[in-house]
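A quick write-up on the structure given underneath.
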Amino acid sequence: MASVYDHTKIEKKWQQAWEEAKLFLQTEKQGETVKDKMYLLFAFAYPSGSGLHVGHVESKTALDILARYYRMQGKDVFFPVGWDAFGLPAENYAIKTGVPPVETTKNAINTFRRQLKQIGISYDWANEIATCHPGYYKWTQWIFAELYKKGFAYQAEGKVNWCPQDQTVLANEQVVNGTCERCGAEVVQKDLKQWYFKITEYKDELISGLDQVDWPVATKQQQLNWIGKAKGLNIDFKLSEKTEITLTVWTKFWETVFGTTFVVIAPEKFLEMKLGELVDSQHQAAVNDYLDKAFKKTEEERKIGEKDKTGVDTGLKVINPVNGQAVPLYIADYVLMNVGTGTVMGVPAHDERDFAFAKKFGLPIQQVIVPSGLSFESLVSTQRDPADFRSQFLAQVKEGMTVWPWEGKIVNSGQFDNMESRGDGKQAMAEWMIEQGYAQWNVTYKLRDWLISRQRYWGAPIPVIYDPEGQPHLVEELPWELPTDVDFKPTGESPLTSSVEFQQRTEAYAAKHFQRLMIEKGWDQNGKGWRPEYDTMDTFVDSSWYFLRYVDARNEREFASKEQMQKWLPVDFYMIGPEHIVLHLLYSRFFTKFLRDQGYLNFDEPFMKMRHQGMILGPDGRKMSKSKGNVINPDEVIEKFGADTLRVYEMFMGPIEADKLWDVSAVAGVYRFLRRVHALVSAGVMPVGVQRKLHQTIRKVTQDIPELKFNTAIAAMMEFVNEWEAALKTSSADKLGHEELTSFIKLLAPFAPFLADELYHQVADSSKSSASSVHLSEWPQWNEELAQEEAVMIPIQINGKVRTQIEVKTDSVGDKNAILAEAKSTQIVQKWIEGKEIVKEIYVPGKIVNVVVK
């Protein structure tokens, strides 16, 4: 039998065979009962023109290993694929080259599809979807319409982050240090009328729903941080110049309210309350100048500005209700209108930011809590620079002397003096302020409604048209298709405004559907004066419900049938990169809960279990990118070493969640391992002497795969191959049969699927095996008795401290007397017990011996 490992020939052969047999298509089972379902999902991929790099391969291979493993375990596995195909990169490329995005996207998808099949990812290609296809975005538009009808989609005008180069609105997380994360252009503020989804209606359920899912703790915390639920007090400060005007501050740290020495208001709040009318001429010019500069900053710039506070004294005073003290009112752009009440109390003695502000503007610092182990008076008097104060304070925190805000006894706070700031004093102060009418309980959230309008071309059109009075009307005939006669050049308006066909289509639609309204209003009955919505939807809208469409991707009557959704949903296991753990998950959860409430779904959370893959770094240790010249192309690796080598190497690099460094020499090492496997199986001899190791390996790999411990599973198989080779040199002619040889091939199958099927058929041809593919065969079972170690190492403790260990044969671990005798006879134990009385002898079978002496 040939022993030459021709990876190219083998992989082409089996890729073609699997496709012809439609081996992994769950679509073929539509209508059948699912006995034990497993819906595996990988984050929607954007098909870039440059194709896959090896970082993409890692996560897709990891999920493919699970898919192949669970199929062999007898589960009905649903493992679909699709493309998050709308977005700025394709549009920007069109602007640069003049090639329409539909063409570049189609070409990119074809490249990705070819590469994924070449790598052996066992997707259900019959359910393939792309967000740019009208058959998909028809249902994206339908979801918009459902939200609109229920009051969950609405229009509002407000300031947005605007990228002048990409000519579009940016979400806050797309602004990095005041610049567009994609193109680097300086972001400006702009007033626009936008479409929003009312995600805040589900803010509390988005918190409580996290208890239902198996997600990393850090991911759940990120969700909680973004929602930002917090309970505190609204405290009312009266304006001393006009006491009927109240400025309300929200705080979690009301126990420090007696230490308020100034109040800061957001620029927007200052204008909204028309406080500028009360500013005297001495302060007016400075206030106007500050407001002008503040409104040119983005929200992100203002957040960054917290580190270097700016502000302006309005000359106005507010009255602290708890002590009647009048304190100055400042405007500062680090205070945001949409956080809390847009007004904050400045307590510089007990807040690092307030301290920096007070030092900069020469404002008083009033201590109202005495912390243990820290002399506040000496700290303030000796540290002139806020940075010095900060470093010393943080040093105190690190040493455990205090936490923020400082805990201790309340002082300089009237009747609450000498009470605990985090205990009875805090609660008593809250009750007193509420009783006096100074404050009220209030729960706040950071979460804001989802802004979905984008002034771009390559996205799903918002299915709305406007009548001559500017009122919106839903388009009911979907899909409301994206026009093709557009000018891609950025003009400050959506590219859709340049489409003649889009305008004509809108007029025709209006004439057909709104005749009665036109007659009532006396409008032109041919639709003149009507216009389409020129904005497209945020691409997050497309990618936040795709997991629902997968289960019934060719349904033209509804986004998915209830039967198919009940059969497969929710998703059992979701793998996504850590960059998607906030907004994508929030939006997907929002859609799930909304559609559930409309009666379309019968579950609360879309993704029951989730894990994140790490990043594969270039050989230089940096993140792979074209500009750095360190991108590894999987096509080149496959050509030289094969797809199986690429898969096994990436899984062997380290834990799936860790960042890992690409090592070309290690790739070659994995190739040699597979070549050895090919030679061993082709020879067809597995000595009896490796039987125990085989069953231990079956157990190890079986336990490791569901836990995503792919690197240790591969290590176990490598150890087995080493022992197999060694046994061939020393063992007798006795050998194991077909079953054992096949069992190892099956272990290899999820990791190196092409080679495994080739070897399986080599063995099967001589044994008349019934399965047409190793991937349709049953997963091997280990024999517990055979899988036991021949010997175990048992630690020996003296008075609870390990001093040595002994090796005991597995079949002797139950003989307590013999093991205790052997333990006490060792030279090291003799040293520790000599001349001492043995009080107690403890033996936990197979685990530990503890000898207690005095």
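Brief remarks follow.
- Relative to the current alpha-carbon distance between Glu103 and Tyr445, full extension at 0.36 nm per residue lengthens the span by 118.8 nm.
- Spatial separation of Cα centroids for region 776-827 and region 442-510, in angstrom: 71
- Residues Gln830 and Val852, FRET efficiency given R0 of 25 Å [Cβ-Cβ distance, rounded to 0.05]: 0.95
- Rounded to the nearest Hz, the phi-derived 3J(HN,Hα) couplings of region 575-582 under the Karplus curve 6.51 cos²θ - 1.76 cosθ + 1.60 (θ = phi - 60°) are 10, 9, x, x, 6, 9, 7, 10, where x marks glycine and proline.
- The equivalent ellipsoid that matches the C-alpha gyration tensor of region 712-854 spans semi-axes of 47, 15, 13 angstrom, in descending order.
- For region 29-153, a Kirkwood radius taken over Cα pairs fed into Stokes-Einstein (25 °C, viscosity 0.890 mPa s) yields D = 148 µm²/s.
- Amide H partners (placed H, <5 Å) of Gln805, local residues excluded: Ile796
- Estimated vicinal HN-Hα couplings, Hz - region 752-759 in sequence order (Karplus 6.51, -1.76, 1.60; Gly, Pro = x): 10, x, 5, 4, 4, 5, 4, 5
- Zone of Val688's modelled label, taken as backbone nitrogen in region 741-756 under 16 Å from a point 7 Å along Cα→Cβ: 741
- In the full protein context, region 106-155 carries 34 Å² of accessible surface per residue, based on a 1.4 Å probe and ignoring ligands, DNA and RNA.
- For Glu241, residues with placed amide H under 5 Å, excluding near neighbours: Lys317
- Percent accessible area from carbon and sulfur atoms, region 405-449, protein chains only, probe 1.4 Å: 44
- When restricted to Cα atoms, region 624-720 yields an Rg and a Dmax of 15.6, 55 Å, respectively.
- Anisotropy class of region 587-648 from Cα gyration tensor, a/c 1.5 cut: prolate
- Burial order of peptide ranges 9-15, 637-643, 535-541 (average beta-carbon count within 10 Å, highest first): 535-541, 637-643, 9-15
- Size-normalised alpha-carbon gyration radius of the chain, reference 2.2 N^0.38 Å: 1.19
- Between helix 424-436 and the chain there is an angle of about 40 degrees, using the helix long axis and the longest principal axis of the Cα atoms.
- Couplings for region 95-104, taken from phi via the Karplus curve 6.51 cos²θ - 1.76 cosθ + 1.60 with θ = phi - 60°, read 4, 6, 10, x, 7, x, x, 4, 6, 5 Hz in order; Gly and Pro are left as x.
- A straight chain from Asp487 to Gln325 at 0.36 nm per residue would run longer than the Cα-Cα distance by 52.1 nm.
- Contour minus Cα-Cα distance for Lys229 and Glu657 (0.36 nm per residue): 151.2 nm
- Helix 281-294 and the longest principal axis of the C-alpha atoms of the chain enclose an angle of approximately 30°.
- Distance between modelled label sites at Glu157 and Glu579, nm, 7 Å Cα→Cβ extension: 3.6
- With every protein chain in place, region 716-758: carbon and sulfur % of accessible area (1.4 Å): 45
- Taking Cα atoms only, the orientation of helix 691-704 departs from the longest principal axis of the chain by about 10 degrees.
- Net charge of neighbours whose Cβ lies under 12 Å from the Cβ of Ala145, counting Lys and Arg as +1 and Asp and Glu as -1: 0
- Radius 15 Å from Cβ of Lys9, net charge of other residues (Lys, Arg +1; Asp, Glu -1): -2
- At R0 = 35 Å, FRET efficiency that the Cβ-Cβ distance of Leu517 and Trp142 yields, to 0.05: 0.90
- Placing a label point 7 Å from the Cα of Asn633 along the Cα-to-Cβ line, the residues of region 80-119 whose backbone N sits under 18 Å from it are 107-119.
- Accessible area (Å², per residue) of region 249-355, counting only protein heavy atoms and a probe of 1.4 Å: 38
- Relative contact order, percent, region 666-728 [alpha-carbon distance under 8 Å, six or more residues apart]: 41
- DSSP-defined beta bridges in the chain - what % are antiparallel, rounded to 5: 75
- Built amide H within the under 5 Å cut-off of Ile129, gap 5+: Val81, Gly82, Trp83
- Using a probe radius of 1.4 angstrom, the carbon and sulfur fraction of the accessible surface of region 221-295 is 49%.
- Annotation for Glu19 and Gln471: the two label points, set 7 Å from Cα along the Cα-Cβ direction, are 5.5 nm apart.
- Pairs of Cα atoms in region 507-620 fall into 5 Å distance bins, from 0 up to the last occupied one, in shares of 2, 9, 14, 15, 11, 10, 10, 10, 8, 5, 3, 1, 1, 0, 0 percent.
The values are calculated or read from the model by the stated rules, or taken from the named source; none is laboratory data. Every value quoted in this text rests on a predicted model; they were computed, and no experiment measured them. Note that we place each Cβ from the backbone using ideal geometry, even for glycine, and neighbour counts take in every protein chain shown. Surface areas here come from the heavy atoms of the whole protein model, side chains and all, with no ligands, DNA or RNA. Shrake-Rupley method; radii C 1.70, N 1.55, O 1.52, S 1.80 Å.
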